[in-house]
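The values are calculated or read from the model by the stated rules, or taken from the named source; none is laboratory data. Just so you know, these numbers come straight off a predicted model, no measurement behind them. All Cβ positions, glycine included, derive from the backbone under ideal geometry; neighbour counts span all protein chains shown. Just so you know, the surface numbers come from the protein's heavy atoms only, side chains and all, with ligands and any DNA or RNA stripped out. Shrake-Rupley method; radii C 1.70, N 1.55, O 1.52, S 1.80 Å.
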Amino acid sequence: MRKWGRFRDRNIRQKLFLTYTVLMIVPLVVISIYFYIYAMSVFESRIVKSFQETNQQMVSTADSFVSSMIKSSEQPFYDERLMQILSKDYSAVTYETFEKSMDYRYISDSVFKDLMTFNPDIDSILIYPGNSTLIYRRGYDTTFNYKYSPVNEPWYQSIVNNSEKPILIGMHEEKQMYAKPRPV
């Protein structure tokens, strides 16, 4: 009651000022809160939409990259000469060393060159023939590790066990082509 009494004791000018102030501030605060909530919901929906579009673009880019890699990995299977080389028994050849060097040259100068020229995402290529210890390889800025054998690696076993179809391996350490293992 005392507060109400203070208001009554004021002159008309002060009463009008306080009344107008309250009548203007309350709606202004309510409107400000409403617009703040509305603006935040608009911003939030735009941010969510932007993240969804970015995510969709990333998935599309990843799908395109994987599709390109699968096509690149299938390309050598259509090269009849390469298939003959990979199935060749060098012990039955008269000039084994010469034959190996000619085959290696063909693979390096033709097969690998074509793959790496038309797909800039390929840094290095390795072909491990099933019937030979010879490893066909080519890469940019690489050091070949002769002591390493991938035979016991899970990614290698996955390829051997599913040799009829393309295999997406995922991240693993490459230990054959680089001085220090690095993720590929």
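Of note:
- Share of carbon and sulfur in the accessible area of region 25-95 stands at 64%, probe radius 1.4 Å.
- Applying a DSSP loop filter and a limit of 13 other Cβ atoms within 10 Å to the trypsin sites (Lys or Arg not before Pro) in region 6-46 leaves 10.
- The Kirkwood radius of the chain, taken over pairs of alpha-carbon atoms, gives through the Stokes-Einstein law at 37 °C and 0.692 mPa s a diffusion coefficient of 143 µm² s⁻¹.
- Remark on residue 145: its backbone amide H falls under 5 Å from those of 177, 178, a criterion applied only to residues 5 or more positions apart or on other chains, H modelled at 1.01 Å from N.
- Residue 121 versus residue 69: modelled label distance in nm, points set 7 Å from Cα along the beta carbon direction: 0.7
- For region 1-160: lysine pairs under 29 Å (alpha-carbon distance), excluding those fewer than 8 apart on one chain: 10
- Mean accessible surface per residue for the chain, computed with a 1.4 Å probe while every protein chain stays in place, in Å²: 80
- Among the GluC sites (Glu not before Pro) in region 88-184, those located in a DSSP loop and surrounded by at most 12 other Cβ atoms within 10 Å of their own Cβ are 164.
- Kyte-Doolittle mean at least -0.5, axial Cα span of 30 Å or more - DSSP H helices of the chain: 12-74
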